[in-house]
Every structure is written in C-alpha cells, then in structure tokens.
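J.: Here it is: the structure, laid out below.
The values are calculated or read from the model by the stated rules, or taken from the named source; none is laboratory data. Since this is a predicted model, take the numbers as computed values, not measurements. Here the Cβ positions follow ideal geometry from the backbone for every residue, glycine too, while neighbour counts run over all protein chains shown. Protein only, heavy atoms only, side chains kept; ligands, DNA and RNA dropped before computing areas. Shrake-Rupley method; radii C 1.70, N 1.55, O 1.52, S 1.80 Å.
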Amino acid sequence: MNRTSLTTMQFALALLASGAAALGLVFSLPDPGSVPLLTVFFALGAAAMVRLIRPINLWFDGALMLLGAVALLLALPQTGAMPAHFWWALVASWAFAWLFVERLSAAIRAGHLPETGTGLVIPVIFGLALLVAWEVITRGANVPPVLLPPPSAIGARFMAETNILWADFVQTFIKSVLPGYAIGCLAGLAVAIAVDRSPFLKAGVMPIGNFMSALPIIGIAPIMVMWFGFDWQSKAAVVVAMTFFPMLVNTVAGLNAASAIERDLMHTYAANNWQTLMKLRLPAAGPFIFNALKINSTLALIGAIVAEFFGTPIVGMGFRISTGVGRLAIDLVWAEIAVAAVAGSAFYGVIALIERGVTFWHPSVRGGRA
Amino acid sequence: MSETSSATACTNGPAVIRAENLGLTFPTGDGDIVALSDVNLTIEKGDFVSFIGPSGCGKTTFLRTIADLEKPTSGTLSVNGMSPEEARKARAYGYVFQAAALYPWRTIEKNIALPLEIMGHSAGEQAERVKRTMELVNLSGFEKKYPWQLSGGMQQRASIARALSFDADLLLMDEPFGALDEIVRDHLNSELLKLWARTEKTICFVTHSIPEAVYLSTRIVVMSPRPGRVTDIIESTLPRDRPLDIRETPEFLAIAARVREGLRAGHSYEEGSV
Amino acid sequence: MSETSSATACTNGPAVIRAENLGLTFPTGDGDIVALSDVNLTIEKGDFVSFIGPSGCGKTTFLRTIADLEKPTSGTLSVNGMSPEEARKARAYGYVFQAAALYPWRTIEKNIALPLEIMGHSAGEQAERVKRTMELVNLSGFEKKYPWQLSGGMQQRASIARALSFDADLLLMDEPFGALDEIVRDHLNSELLKLWARTEKTICFVTHSIPEAVYLSTRIVVMSPRPGRVTDIIESTLPRDRPLDIRETPEFLAIAARVREGLRAGHSYEEGSV
Amino acid sequence: MANRVIPVLTILLAILAFWYAAAIWMNAPWQDRLNARADLVDVPFAEFAAQTWAQDKPVLPAPHQVVSEIWNATVALEITSRRSLAYHAWITLSATLLGFAFGTVLGVALAVAIIHNDASDRSLMPWIIASQTIPILAIAPMVVVGLGSVGLTGLVPKALISMYLSFFPVVVGMVKGLRSPEAIQLDLLRTYDANGWQVFWKLRWPAAMPFLFASMKVGIAISLIGAVVAELSNASGGGLGVRLLTGSYNGQTVQIWAALFIAAGLAAVLVAIVGAAEKWVNGRMGARA
Amino acid sequence: QDALTLQLKWVTQAQFAGYLVAESKGFYDEENLDVTILPGGPNIAPEQVIAGGGADIIVTWMAAGMAARESGVPLVNIAQPFKRSGLMMICPEETGITEVADFPGHTLGVWFFGNEYPFFAWMNKEGIPTDGSEGGVTVLQQSFDIQPMIQGQADCISVMTYNEYGQALDAGYGPDNLTIFNYTDMGNDLLEDGLYVMEDTLDDPARVDAYTRFVKASMKGWAYALENPEEAAEIVVEMDDTGAAEYEHQLYMVGEVSKLVDATDPALSMETYDRTVQALLDQEIITATPEGAYTTVVTDALK
Ligand SMILES: Nc1ncnc2c1ncn2[C@@H]1O[C@H](COP(=O)(O)OP(=O)(O)OP(=O)(O)O)[C@@H](O)[C@H]1O
Ligand SMILES: Nc1ncnc2c1ncn2[C@@H]1O[C@H](COP(=O)(O)OP(=O)(O)OP(=O)(O)O)[C@@H](O)[C@H]1O
Ligand SMILES: Cc1ncc(C[n+]2csc(CCO)c2C)c(N)n1
Ligand SMILES: [Mg+2]
Ligand SMILES: [Mg+2]
C-alpha cells in the first residue's frame, strides 16, 4: 500500500513499463548512440523503478509516456524491418500511458484534480496511444498500405482533401442523417404512444414490429433506392426505417417502466391516459427513450453510409468509401471513416449530455442516491 | 357494539363505505394468501375510522380495495353508493400510501402540485395550495429539493401534503405518521383533527399506535391476520372536540385498554398459532 | 449529566464509538444542507443508546457515518478504536436501514441468508440461523415469498432478521420497529433486550417513540435539526433487567418526561423558526 | 391465446391489404409500358391489378409472390441444395450464433471492466462509441482480406464482423444495468464489507438481468445483420447475404424479398428464444407476474 | 501439385466460364495445379485481396490494375484472354438521346468501384464535363442492375453486353427502342478481364512455370467453353455456391462472352494496351507511363 501508494494494478503496470524500458536498453546496447532520444527514454524509464523506494509524481509518468511516443515516432525507419528494441519501446510507452491514465483517474476520483478538463484528457490519451501503436505497427511490421495505411498517411490525405470530405459530410450527414433521424425517432415515439393507448394495437403491432426491426438494413437499402431515387431522399428513408424500430421498442418498454406504486398513485387521482402519460409514464420512460436516441445516433450514420453503396449521385461518404476501396485509395477511405467516427461520436455525445440533464434523477445518473 | 355484523346499526349518516362479506385472496406461486375474509363494515359520512391490527392482517389491502387498486375476490363493496371504480373516477378520495411514492424527477413542490395539475387547478391556486400544505407539514424551505435529498420522515410528510393538497371528501391514510417523532405527530394529529372538524371529511386511517387511534377516531376497527378479518369495532365515546390532554382522561385510557385487548386477542403470540 | 461534552465522564467501559466535533454537510444544487454539526459523543461497550429527534435532524446521517456510508466533513470519529472504514472492514456491525432494502429477486429466506453467504457461513449453519431469526421476528411460513408479496411491516421484520442473522457486536438500527403494531413491537422490544443482555452487544437505536427509547436504553441522545446537533444526553437510571410493566413506574415516566422536554425544546414548532 | 392472435391477424390483414394496393400503384407504370408495347388498351382494372401482382421483376412484389418464392426455395427443395434458402439460412445462422456468443462475452467483459475501473470507463467508452460509427460495410472487406492473409477464412471472419456489431448494445446495456442498483442496496453490502466479487454476483449481476436481456435481444438481431453484411464481402460459401446480393444484381426483386423475409423471420425466432429465456429467468427471480 | 488461388472480379458467372470449366473438367489437374477459385462481388477489390496475400492471380480490368500499381500494389499483366470490351451505355429512345452530343443535361448511370475509368476516359475525350458544371452531364453511381433505366432515374445506364444488356432485352428493350453506345465500336474500349500477378513473384522461375501452366489450362477451358456453350453454362450453374445463377442467363452470357474472348491467344494486344495507358494518362488516373506493367514471358512460353 504505502510502498509507492499505488494500487496493485498500477504497481504491476509500473513494473511492466520500467521492465520493458530496461529490456529495450539492453537490446539497444549493440548500437547505443544510433537513436539518442530513444536511449534517453529507455534510461529514464528504467530509472523510474526508483518508485520502489520513493513515490514518483504522476506527471512524471505522463512525461515518460510522451517522451517514449515521440522518440519512437521520430526513430521509425522509413523502410525495412524495425529493430527489436523498438517493440520494447512501444510496450514501455504504452504501459506508461496506461499507468498515467490509471493514476490520473484515481486522482480525479479522490478530488485532487478537477473533473472538467482532466476528464477529457484521459480518452484523448487513450486515443493517441492507439494511433501511435497503429502507426508503429503498420510501419514497423510493413503492413501493406492498401490493407491498413498508417495514421500519418490518413492524416495527410485528410488535410489534402478537406473540400471533398466536407461536401461528402454535408451530403450524408446534413441531408440524409439528420432529417431521417428526426423523422424516424419522432415516428417511433408517436407510434409507441399510439400503440400504448390501445392494448389491441399493441398486441398486434409489437410482434410485427419486432419482426420488421429484424429486417437486415442492407436488404432495405436497394429497395429504398428503387423507391425514393438516388439522391439523399432514399438515404433518409433508410435512416427512418433503421431508427424507427429501436425507438418504438424502447419507448414501449419504457412506458411500462413506472413502478406499481407510482401507477397506483395516478390511479387514485383518476388521472386520464394523457395525464398519466405526460406526468408519469413519459418521464419514467426517459432513460429508455434516451437509450434509443443514443443507439439510433450511431445507427443512423451507418445506415446512410451503407445505403450510399447501392447508388448515389457522386458525392457522399458512402460513395467515397466504396469507390475509394475500388480505386485502392484506402487512405481516403480511412479519412472518411475518421469523419464518420468524429461526427458520430459528437452526435452521440450531444445526446448523452442532454440525457444527463433530462434524466438527472435516474440512479445510473445521480450515482444511485435513494 | 362489538358484534362485527351489527356494528353499523346505531349510526345514521349516509354510508360512504359499505363492505359486505368482502374477501380478497392473492394467488402466489406457493399457495394462496387470504388477505381479507368476510369483512362487513359500514362507514358513514364524517366518520374518522382507524384500522389497527398486527402486521400483515390486511389493513393496506382493505384500503387499496376501497381505492379500487385491488379487486375483491368475493363480497361487495360500495363507495359513496357507487362501485369503487366509479368513486375513483369521481375523484372521491385522497390516498396516502404506506411508502412515500414521490416521483424522483419532480422537486418536492412539484410532487405536491401533481394532483392539482391533474385536476386542472390554475397555476396561482396550485402555488397557493402547495405553499399552505407544505407549511402544514412543516416542510417550508425544501420546495426545490428532490426526494432523495430528504430524510425518511420528510418524504412521508411530503406525501401527506400531496394527499391533502386537493380537497377530497374521503381520505385514505396508510400509516401516514409512522416515521414521525412524537412532537410532529402530535402536531399533525391535531391539525388533522382540526381539518376534519372544519371540513366534515370522512377519514380511514391505518395506524399502529393505540393512543393515536383512540385520540383521532370516532370508530376503531381491530383486525387480525391469517385470514385477515375484522375482530372488533369500537365506537369512541369521546367528544368530537379533543384537546391533546384528553389522552390522560380515564375514558380515553379505558378505550385504549379495550383496543389493546382486541389487538392482543387477534395476535398470534397469544394464540400460539405460529 | 446533560452537558453534551461531559456526558461520557461517568462511564468506564472501553469506547466503541467516539465522535469529536463531528460535522457533515451535504452540498446540493440549491445550497448546502448541514446535516450534522459539532457532535460529541462517546458510546461504551455494552451501551444501548437511543437517538431521538425531529425528522430531518440527522439521526440517519449519524448512523450512516458510523457505518462508513458517509464521510464526515469535519471532526473525528472512531469505531472500536479504528477508523469507521477499518471497523466496517472488520465487519464490526449489523445495520438495519430505515427502508427495508430487500433484494427483489431473492426470497425472504435468501434475503436473510445474504450476509451469511457473504461472510462465508456453511450452508447448514445458514439454514439454521435463518430459521432461528425468522422465528424471532415471527415470519415463519413466509420463507419462500418474495418481498413484494409481504406487507410493509413484514418487510421491515425481514430486514431486522437479516441484520440479526450474523452476530455483530455493534447493532445500528434505524427505526427498525416503525411499521409494527404495539404488540409485535413489545414482543420484539423484549426480545431485543434479552439478546442484548445475553450477548453484551452495543446497540445504537433510532426511534420516534419516547417510551420505546426509555424502555430500551441505557442512554438517550436527543438531537435537534438545522443544523443537526446533539442537544441532550440522558442516562437511564432504570435497572438492566426490565420487565414490560416497568413502563408504568414513576421513574420511567420521569425519564420519559425529560426526554419529551428535550425533544420539544429542540423542536421547531416551539422555536417558531420555520 | 385468442386475444393475442386476433390483434396480430387484424394488423397483418391491414398490412396485406395496404401491400397489395401499394403493389398495384408501384408496379403500374411498368405494366403500362408493357401493355402499351403489347398494344393492349383499356385493360379492365381487375385484370390490370392481377397483372401488376404477377410481374417477373416487380418494383414491389405482391405478398403471394414472396410467399411462393419462399415456399419454392425452402420446402420444395432439398435442404442441402444450394438453391435452398434453408441451406443459406443455416449458413448465416451459424455465423450469427457464433458472432452473438463472441459479442455477448466481449460486451459483458467490457462492461465489467468499465464499471470496476475508472480509467477504463473514461478511456474506453468514447472509443467504443466511435467504433460503432465506422460503417462496417466499408471495413468488412478489409477485415475479410486481412484475416484471410493470416489464414482465417470461412466462419470466423463472418462471426467476428457480427461480433463487432453485437457487442455494442451489450456493453451499453450492461454498463447501465450494472450501475442500476439503488444506493441503499449497495450500502447494505458495504456494511457487510462484501468484496467486489460478491457485490458483483449478489447485487450488480442480478440487478442487471433485465438490461442484459434487453441488450441481448437487440444484440442477436444485430448479429444477424452483421453476418449478412459479412457475406456481402465474402461471396464464397453462400448465405442469405449472398442471396440478397445476387438477387439485387439480377433485379430479382422477388428473390430479394424472399431472402429478406427469411432473414427477418430468423431474427424474430432468435429474439423470441432470447425472450423465452428472459421469461424463464424472470420467473426464477421472483418477478411480479 | 502447385497450389494457386484465383480471385475473380465478380460473382460466379459465365463471364469467367474458361476458369470454371478448366477447374471442373480437370484441366488444371492435368497441369498439376491445385486451383482455388474465389468469387468476387461488389465489395471485393481483387487488387486488395492479392496485396493482402489472399490470392496469387486475379482477374481485373486494366484501368483498375494500373491505378492499383500506382497506389503501391505492383501488379503485372500476364495474359489477356478478353480482347474486346463488353461495356456499353444504353439510352431508351424516349430520352431523345441519339448521339453523344445529346448527352449534356442528362443523367448517366455509371458503375464505380474501379469500373468508372472507361466512362470518364470517354467523356474526357469528348470534352463533356462530369462535375455538374454547365453543359455537362450528371453522373449517378449506378446499382448493379437495370432498374435505374426502368424507373427512369437515369437517362442512360451502363450495361455489359453479356449481362445487364440481356436483362434489358428480357425487359422488352432492344436495338429498336434503345440508343446503344458500344465502347469497343467507338474505339473507346479499355482492356477488361486480364490476369494479373504480383511483380516480385515473377522473379521465381517455379512460379512463372506455374503461371504458364495455369494460363495454358485456362485457355483450354475457354476453348472448351466456347465450343460447348450448354455444358459450360451448366458447369457455371453447378459451380455457383450461392445457387443464384440461372441456366438460361448463363447460356446467353457464354454466347456474348465468346464475342470478346480469343480462346486461341492469351497474349496482350499492344495496340489496345497503349490506348488504355494513354487514356489513363490523359485523365490523370495514373501520372506516369507504367514500366513493367505487363510481361510476355507466360504467353511467349505458350507459343
Ligand atoms: N401483491 C401481493 N401478493 C401476494 N400477497 C400479498 C400481496 N400484497 C399483500 N399480500 C399479503 O396479504 C397479507 C396482507 O397484507 P397487507 O399489506 O394488507 O397487510 P397490512 O395489514 O397492511 O400489514 P402492515 O401493517 O405490515 O403494513 C399479507 O400476508 C401479505 O403477505
Ligand atoms: N443525500 C442527501 N443529499 C442532500 N441532503 C441530504 C441527503 N441525505 C440527507 N440529507 C439532509 O440531511 C438532513 C438530515 O437527514 P437524516 O436522514 O439524517 O434525518 P433523520 O434524522 O434520519 O430524519 P428522519 O427521522 O425523518 O428519518 C435532512 O435535512 C436531509 O434533507
Ligand atoms: C461494383 C461493381 N459494379 C459494376 C461492376 C461492373 N461489372 C463488371 S463485370 C460485371 C458483371 C456483370 O456484368 C459487372 C457488373 C463491377 N465489377 N463492380
Ligand atoms: Mg400495510
Ligand atoms: Mg432517518
């Protein structure tokens, strides 16, 4: 416990990190001066073992992580195989990154560091670590760029093609996803409420709804293109079809989520259906509805992109991806994928933020206070 | 007066609640539970009836049946001359549940305003009534808090305020003061009596406190479990106007003793049935 | 004896709980709530201490702090000479919550067996202890029922049985008998006293009933709200061995009067502070 | 029973009526052209409707066309025939089940890591979400090629793609479910100083059951979609996805719809099986009827 | 036996009859080869598969192959059984399009995924803008069937003589109500289904020998298929894992393909090769004249 005030897991990570650095140092001995920065990293990393005697500040681990990553990237050979000790550098800097992130979140939890700001640093570090590992592995292990290009190539392509990427984003996200998402979610909500009012409708629609929701979207896409034409309308229609059922199913489940005694209360007021809905069942369904909104936010984007595989005007993220694969412009494909990931995550994040505000009372949000 | 079936003969107001041979059985995976059996009871307008009996004897179940939250499996029950369902639809009663049942997404004042919203009171009137009832239960200052930020007793008081906020003629109260200390309890007891005297409400009140039952009621119904049934109905001979210190009078103590006896008689420890 | 800070001078067992200038503040969206302020209290081994005070005065919060479920924001607290956290890890206490908190997916007997499972008792011993404590709280026959099939009082008894099933030396009980009728309550009161006498447990007991507090306790702590603080500590002069009819003795009534006075003094109705 | 069947039948009839009407409307332009070419004029409506319901490659096939295609492609054929939809359904099903199993295990494992470890929660969750915004159809071919180059072919690449889609609802649902216990239920275990393992098995896991089943219902349907998508990128070996695709190149709308309905039916059956398991578990956990 | 994997450009159909027949009739076995034929599809880029090591030989269009070569996948053409292009653009008469000059202002359906190069080369040559600007055409990414024409979503669509054109004939279209632009007839054809391998494998004489035997057996397959169209169509249907291939359609396809393939000579025609390269250069699909993008070692050995 007080050996370095680290948890067992952090301690294990620290050992791994310093151990890998030490091994890296040993393996780099045959030609020590060739990459000085990397040697410095190995030496410092191995020296971090002193934490066995006296604690090391968490920022020092952060600095080591950064040093390792930078040294490694700078030292990457342009061609040919990578020397063995580079792999140890990768392991060591990954372990330092992990250790840093562990300690950072422990510090936030303990209240030593502020949540805002620091909370954001952690996923960013994780993402950057992924990118560095990706870069090192693709380049170090000579993965054919037509299978998986290194992030640096993707980034360069991204910067070179911002016009195309923006036009595709507008076509796919603004024109297809947003209207389709709004229509699909609203329709799902409305039908759920209508169905909920009538047990007959509910008994009839739900099994069929479940059946329809299981229709594979890729099957729907060519049909929608056939029905609604090549432009964004057919993509929006696919998005509507994709988002409708999750919303329907979730809302129906959510409308039943109010507890027995909460319903009894409404019953004693002889509240009419509409009042029970507005004052009890919809609020209680909030967590479920948001669940659907979140699931749908990623589904909508995928739906629109996939639908573009089946015929489009020659603009759009899905179009670019499918032709990009055909032309082996794989870095452009990944640049589009990056746009999709950023747009989708931001969309999801916005909805998650709204959720926190609206369903603040749910145990999973307020930390379970009874 | 203690014969169950004839207990109503001596009163003459119009019947608010009339139960005849009422029975209710819960089926469970593991055998039926008879929660009520053969209950005969008439409650007139303006009565203040307390229900007392061992835990699990069917008090809550009986109140819920009146409120049309459970359907009797035998016998008949009428409320204000209507079926319980019609009475509920006519918004004949206010109900205080044994658990507070506050909605977690509403602040305390919004929880109390809930029935008012549903019954269509104007915003101004809502605010006025919420303020008044929150004062009554001594919760002022907690208007904007959420239920989970309140102590157990405070939640219970909020739920009482909610039931009092609209003026139902029939109040069904299931251990409303169970989680309150003696002082608040005394205070709310006398407030409740005042309210009752002023408004001529009919009140059905479940309690475990014999003094509370005697102090408040015009009639005390003693129940016993397995199967839940009415074993005694005691008419109070106390005057309608009851200062707190009436609780030291011999008359009061005599009634309390009678209730205690009825309670003990229906109790399993003495019966050795368990 | 009633001076808060010197209240412990006259006892001499080893301190089980020692609170010094204890304070706890809840931050809420809408201003802080001071739940405890400047609490000084020492409880010795074998004490039976009741906490009484108006709703919202911090009784639950104090018990939760002892149990290491809340962290004090000022002052110090030790349990068995350890920090509350260490004491919890040493499984020093059993806790009966104000709400029953039964797990809905477990039958009653499984709920009661929960702590036994966690503490690694053998299956045979579990069965034996579950049976014994279920009998103690008079729930035999409901082993296989689920919580929602029980009445409010029955649920509360199940939660008491759960806390008694393993033999903790320190019992923290938050209004355990609130939803029980007088007869059961008397029964459980005397069972609790017997258990206490037999096992030398230390018991912290929150109640709203003054007679109950006086009947059970060696010491009664009176609290008052906003901010929650200890206003009086009353040592009982009753003998350890207490038949039920001790409650009619003048000595008993004198202590009860003293408690009532303390309670009233801390109460907002009289202060007019609300 | 009757009060469950009658509503379904009613809605089904309504959908069928609407469908037949839509089929007339959507197939009419093409039928007009055909008739004009064949010099048929003033075809009476009944006959015209019948014509629109009997086209070879209709824009919207009539229900009976789809049903008879399904019949011909399943019951009327030997099950091992490569023309049999049952054969293709079986291929897709095996990838679906394997992918669903992988996905559920991965999803639960990630959820457990996330709720027990702050750093995982903060660092993993955003990337898990980002991973789902990657259009799988775009990377499926690369995955198939990539796995093929390390010698993994056949069922496994399909199952992995199906896993990629199905683990997500499981993670999201289980994180919510494992966090759903009320504070007082957690406090109780804290007073017993239960260890993390016990808190998990005795409280979090049972409390998360409803969420697990809700997620698995979504997850198994999505697994099927994943398997179909994978088949679009891996034409060898057959499967419902391949049938959809070949139907689509050849403008065989009836064949597309038949494959679609078989896929949806398969998913519905799988979801129903998960639902039955849920009912059973609920019963064992004393849920209120 | 030498193991070889062949990645097709498209699903199992008579477009690849020679290879399928050679496999089915045991011609590969006769050459001591163990050949695996992988079907393709709209999501499968053969160039990517071979780069990832998933195939030894691929069937692809030259434009796509050259573009891949510039992207770092050193593909080399070893044989070219298809001598002519099967690509056409068809426009129903009601669109009023009768010649190239009528195109501006209309919507044209084009297949992408590496099949778009001939179209853009053609438009480039005609000087018709395709970027949506004034006086140009609107381009649609066309689905894999003739629905866009039937639905009226596109004025003209791309077809292959051996496949979609057959569907159009079935649907009642024909030379009398269609304007047909045949890439080969216009002299705009770029080389289609050729056989490509990775450049470095050609350094190994054993591999070259295996390729040679492969091409030899394949040409025998083609010859057999063109002589016995019914049997070839049956074999295609038989070899199709998906069960979707229909005999009638495959028979039609064998017939049409026979007009494009020269079963006696797998050698690359330098004239078409040069034209293809020039068109790609003009359009800046590739930036430099490719070096070593084809080899005659295999076809020379067969002479
Ligand atoms: N939903 C239910 N399903 C099965 N049994 C039930 C149900 N509700 C109540 N019971 C049973 O009915 C009996 C009466 O319960 P009820 O809640 O009416 O008791 P009570 O008199 O209110 O008790 P308490 O004073 O403890 O609240 C009990 O034995 C209980 O187990
Ligand atoms: N989680 C919380 N957040 C904010 N305030 C809280 C919280 N829990 C308790 N409080 C406040 O702390 C004060 C003391 O609450 P506590 O539950 O300790 O009262 P109590 O003495 O147990 O009352 P009761 O007899 O009604 O149960 C109350 O004013 C309450 O509003
Ligand atoms: C995605 C995609 N679309 C179109 C073609 C063009 N094409 C070349 S051969 C062939 C077979 C049917 O004629 C087709 C359609 C392709 N290869 N890939
Ligand atoms: Mg009750
Ligand atoms: Mg409390």
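J.: What does the net charge come to around A:Tyr348 if you take all other residues with beta carbon closer than 12 Å to its beta carbon, with K and R at +1 and D and E at -1?
T.: Value of the local net charge: 0.
J.: If you take the beta carbon distance between D:Ala46 and A:Ser198 as r and set R0 to 56 Å, what does 1/(1 + (r/R0)^6) give as a FRET efficiency, to the nearest 0.05?
T.: Step by step, r from the Cβ atoms, then E = 0.95.
J.: Return the distance in nm (one decimal) between the two label points of a simple spin-label model at E:Met270 and A:Thr8, each offset 7 Å from Cα along Cα→Cβ.
T.: Distance between the two pseudo-spin positions: 7.6 nm.
J.: Just to verify a number: what accessible area does D:Ile220 come out at with the full protein assembly present, 1.4 Å probe, Å² rounded to tens?
T.: Counting only protein heavy atoms, D:Ile220 exposes about 10 Å² to solvent.
J.: Per-residue counts of other Cβ atoms within 10 Å, averaged by peptide: what ranking do you get for C:129-135, B:25-31, highest first?
T.: C:129-135, B:25-31
J.: Indicate the helices, whole DSSP H runs only, in chain A that combine a mean Kyte-Doolittle hydropathy of -0.5 or more with a Cα extent along their long axis of 27 angstrom or more.
T.: Correct list, ordered by number: A:8-28, A:84-109, A:118-140, A:178-197, A:232-255, A:282-307, A:330-358.
J.: Okay, next question. Fully extended, how many nm does the chain gain between A:Leu186 and A:Thr116 (0.36 nm per residue separation, minus their Cα-Cα distance)?
T.: 21.9 nm
J.: Please report, for B:Glu191, the nm distances (one decimal) from its label point, 7 Å out from Cα along the beta-carbon direction, to the equivalent points in the remaining copies, shortest first.
T.: Between copies, matching label points for B:Glu191 lie 3.5 nm apart.
J.: Tell me the accessible surface of B:Glu86 in square angstrom (1.4 angstrom probe, heavy atoms of protein chains only), to the nearest ten.
T.: Counting only protein heavy atoms, B:Glu86 exposes about 100 Å² to solvent.
J.: Now for a different question. If the cut-off is 27 Å between C-alpha atoms, which lysines fall inside it for C:Lys45, apart from same-chain ones fewer than 8 positions away?
T.: C:Lys59, C:Lys71, C:Lys89, C:Lys194, C:Lys201
J.: For the rotation that superimposes chain B on chain C, which residue of B has the C-beta lying nearest to the axis, and at what distance in Å?
T.: So the closest residue, with its distance, comes out as B:Gly178, 3.
J.: Let me ask another. What distance in nm separates the simple spin-label points at D:Val67 and E:Asp185, each placed 7 Å from Cα in the Cβ direction?
T.: Distance between the two pseudo-spin positions: 4.7 nm.
J.: Label points 7 Å out from Cα along the Cβ direction at B:Glu125 and C:Glu20: separation in nm?
T.: So the two model labels end up 6.0 nm from each other.
J.: Averaged over its residues, how many other protein chain Cβ atoms are within 10 Å of peptide C:135-147's Cβ atoms?
T.: Numbers: counts 1, 0, 1, 7, 3, 1, 3, 3, 1, 5, 6, 7, 1.
What the average comes to for C:135-147 is 3.
J.: So which aspartates and glutamates pass the test for E:Lys303, namely a Cα distance under 18 Å, with those fewer than 8 places away in the same chain ruled out?
T.: Filter leaves E:Glu31, E:Asp209, E:Asp262, E:Asp265.
J.: Can you list the copy-to-copy distances for B:Asn21, using a point 7 angstrom from Cα toward Cβ, in nanometres, shortest first?
T.: Taking the point 7 Å beyond Cα along Cα→Cβ, the inter-copy spacings are 7.4 nm.
J.: Non-local amide H neighbours of E:Lys83 (under 5 Å, H modeled in plane, Pro and chain starts lacking H): which ones?
T.: E:Val261, E:Asp262
J.: Quick one: label points 7 angstrom along Cα→Cβ at C:Arg132, distances to the other copies in nm, smallest first?
T.: 5.7
J.: Considering the zone a paramagnetic label at C:Ala197 would reach in this model (a point 7 Å from Cα along the Cα-to-Cβ line), which residues of segment C:35-54 have amide N under 18 Å from it?
T.: C:46-49
J.: Determine the order of C:Arg106, D:Arg82, B:Arg157 by accessible area, beginning with the largest, at a probe radius of 1.4 Å.
T.: Result of the area sort, largest leading: D:Arg82, C:Arg106, B:Arg157.
J.: Here's something else I'd like to know. Ratio of Rg to Rh for chain E, alpha carbon only, Kirkwood?
T.: Numbers: Rg = 19.1 Å, Rh = 19.8 Å.
Ratio of gyration radius to Kirkwood radius: 0.97.
J.: Could you work out the mean count of beta carbons from other protein chains within 10 Å of each residue's beta carbon in A:195-205? List each step's numbers first, then the result.
T.: Details: counts 0, 0, 0, 1, 2, 5, 3, 1, 8, 12, 4.
Across the residues of A:195-205, the mean count of other-chain Cβ atoms within 10 Å is 3.
J.: With every protein chain kept in the model, how would you rank A:His85, D:His116 by accessible area, 1.4 Å probe, largest at the top?
T.: Sorted descending by solvent-accessible area, the residues read D:His116, A:His85.
J.: Now for a separate question. What number comes out for the charge environment of A:Leu99, summing +1 per Lys or Arg and -1 per Asp or Glu over other residues with Cβ under 14 Å away? Don't skip to the end; give the middle numbers.
T.: Values: positive: A:Arg51, A:Arg103; negative: A:Asp61, A:Glu102, D:Asp118.
Surrounding charge for A:Leu99 is -1.
J.: For C:Lys145, go through the aspartates and glutamates and keep the ones whose alpha-carbon is under 18 Å away, minus same-chain ones fewer than eight residues off.
T.: B:Asp30, B:Asp32, C:Glu109, C:Glu135
J.: Let me ask something additional. Give me the percent of DSSP beta bridges within the protein assembly as shown that run antiparallel, rounded to the nearest 5.
T.: Details: 63 of 113 bridges.
In the protein assembly as shown, DSSP labels about 55 percent of beta bridges as antiparallel.
J.: At R0 = 22 Å, how high is the FRET efficiency between A:Arg356 and A:Ala257 if r is their beta carbon distance? Nearest 0.05 is fine.
T.: 0.75
J.: Contact order normalised by length for segment A:282-370, with contacts defined as Cα pairs under 8 Å and 6 or more residues apart; what percent is it?
T.: 31 percent
J.: Using a 10 Å cut-off around each Cβ of peptide D:213-224, what is the average number of partner chain Cβ atoms that fall inside?
T.: Neighbouring Cβ atoms belonging to other protein chains average 3 per residue here.
J.: Using heavy-atom solvent-accessible surface (probe 1.4 Å) with all chains present, what is the largest-first order of D:Val8, D:Val150?
T.: Values: D:Val8 35, D:Val150 105 Å².
I get D:Val150, D:Val8, largest accessible area first.
J.: On to the next question. Determine by what factor the alpha-carbon radius of gyration of the protein assembly as shown differs from 2.2 N^0.38 Å, reporting the quotient.
T.: Output field value: 1.13.
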